[in-house]
Amino acid sequence: MDSNNDGIGDFKGITSKIPYLVELGINAVWISPFFESPNDDSGYDISDYYNVQKEFGTLDDLKEMVDEFHKNGIKVIFDLVANHTSSKHRWFQEAIKSKDNPYRDYYYWFDKPPFDWKSNFGGSAFEYSPETGQYYLHSFAVSQPDLNWTNPKVREEMKKVIDFWVDFGVDGFRCDVLDNIAKDWEKGLMSNGPKFHEYVHEIFGRDKTKNLYLIGECWSANEDILCDLISEERGELTASFLGGNVIYIDWNNNKISPNYEDIHTYFSKYQILAQNNNLIFPPFFENHDRNRSVSSLANDQDLRYESATFFATLLYTSFGTPFILQGEEFGTTNSYHKNIDEFNDVSCINFYKENKNVLDNHELMDKVNFLSRDHGRRPMVWDNSVNFGFNKGATPWLALHSRGKEINLENDLKKEKSIFNFYKEIINFRNSSKALIYGEYNDLTTSENYYKFSREYEDEKYIIICNYDKPSLVDIPINGKKVFSNYPLNQSNNFAPFEIAIYEI
Ligand code: NOJ
Ligand code: CA
């Protein structure tokens, strides 16, 4: 929400929409980075950890926003980008000056690239720095040099950053690519090196940080590493996004072939792991790096309501802490754009540049639309007024959603089958049920066509059935009373595509 009509969403805009979030029923928000940054990677390239970007407002506006969330019972989580800074950060600007600059060792330097590591955003992960004739490491964009975590000064700096925001009033951090802070130089791996747990414990195993909600982004962590990382007694993290990509993506053929069995395996495996080891599982389908689940995994046309509510049910009946992305709560789809100027994501723009002379324009733009992380970043579409209510008419920082006229919050709320209302109801249902929050999870699935499981706490028990994309005959519990569904009138066991039902036992 852009409160001052300059085209950019801002703190005051968010603050003005807190009542909307209260109505939805959520109790925490994670806000992606808003610190000072040249914005080469949507703020994941920080040039000053202690300041905010002017276009979002002032530190006072941010404080007002955090306080207002707190008054409304909503906790606030900021993004902590600890693996790299922007190349515009003072530390890097100093470091490039000379080999004996005091900040030189804040980053990694090599006479020659030691490995053929690729950057996550294309090209080599090593960049030549002409000032001193050495290479530095960047796991992401060229303008995002990796910090040298083997240097104790870097770890001290990061503790200071964390403490500054804790004093400011934040309730926790989402820790960006945290496993990348520790490289495995022996094995030549970019993440999860032998010092990983030590570093995490050093920054988060302190009195000052012990009450924070700390969620890592650690894609390389396997089950054992996760158990260590988030077990309560070790003083590392509270939770971690895990399990790799739920979405089955065929990058070469521009195709996403939803494999519902994979979703079932993911949800089941990690709920059981979490339950057996007393961990927190944070299920999610969407975030600012992904395309929209109704488009990529289900049906974003005539079964959009059914698809969106199918995902909502999986999330809010699971043993864990679900995360949703702005717009997911009313079934936002992918957005399609013909012109590269309508994109902002550095990874898809790099891809465009690399392939401009290789692919024909149509094919190229199809790929860009497919790959782009902008699906999760476009301005929120609130209503049918100018710029869909994002602001009062100034050109938005990123092109508006191509289906904004059809799919926006106002239109959704007018419908009998409102996705927002379904979300609101299921969140409310979950929040009032000990079985859905704490209850034991058991996988009861016996068919390839649908996912069936139970949640049980003392004498409260539910059986949940989520049918996949084809009509199926499901095995409904004989002693169950249907208390929740996205096809409320159906009393038979013949389930339609994406039909879900919750039975009270
Ligand atoms: C993961 C973040 O989610 C993504 O948006 C960002 O580009 C990279 N980390 C680099 O910070
Ligand atoms: Ca603004």
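Every read-out reported here was derived from the displayed coordinates using simple, explicitly stated rules and does not represent laboratory data. Just so you know, these numbers come straight off a predicted model, no measurement behind them. Virtual Cβ from ideal backbone geometry, glycine too; neighbours counted across all protein chains shown.
Between the residues S32, L413, N369, the greatest Cα displacement towards the positive end of the dipole of the chain, with unit charges on the Cβ of Lys, Arg, Asp and Glu, is found for L413. Cross-link pairs exceeding 23 Å between alpha carbons, from the set K452/K482; K71/K160; K153/K208; K17/K424; K153/K187; K417/K482: K71/K160; K153/K187. Please compute, over every Cα-Cα pair in the stretch 40-199, the percentage with a separation greater than 24 angstrom. Result for the distance tail: 38 percent.
Only one residue of G480, F495, N467 has its Cα farthest out toward the positive end of the dipole of the stretch 446-498, where Lys and Arg carry +1 and Asp and Glu -1 on Cβ, and that residue is F495.
Taking all Cα pairs closer than 8 Å and separated by 6 or more residues, the relative contact order of the chain comes to 11 percent.
Select from F330, W149, N51 the residue farthest towards the positive end of the dipole of the chain; place +1 on Cβ of Lys and Arg, -1 on Cβ of Asp and Glu, and compute about the Cα centre. Positive-end residue among those listed: F330.
At full extension, H70 and N411 could sit 119.8 nm farther apart than now, given 0.36 nm per residue minus the alpha carbon distance. Label sites at E131 and D289, each approximated as a point 7 angstrom past Cα along Cα to Cβ, lie 2.9 nm apart.
Using 0.36 nm per residue and subtracting the Cα-Cα separation, the extra length available between V22 and D341 on full extension is 111.3 nm. The relative contact order of the stretch 1-153, computed from alpha carbon pairs under 8 Å that lie at least 6 residues apart in sequence, is 19 percent. Only lysines eight or more places from K356 in sequence, or on another chain, were considered; those with a Cα closer than 23 Å are K118, K255, K338, K367. A cut-off of 5 Å between modelled amide H atoms, ignoring neighbours fewer than 5 places along the same chain, links Q134 with S129. In this simple spin-label model, placing a label point 7 Å from the Cα along the Cα-to-Cβ direction at both R234 and N4 gives a separation of 4.5 nm.
Calculated mean residue ellipticity, 222 nm, the chain: -8500 deg cm²/dmol, from DSSP H runs (n ≥ 4) at -39500 (n - 2.57) each, averaged per residue and rounded to 500.
About its Cα centre, the dipole of the chain is roughly 400 debye, where the only charges are +1 on Lys and Arg Cβ and -1 on Asp and Glu Cβ. Between E261 and Q301, the distance separating the two model label sites (each 7 Å from Cα on the Cα→Cβ line) works out to 2.7 nm.
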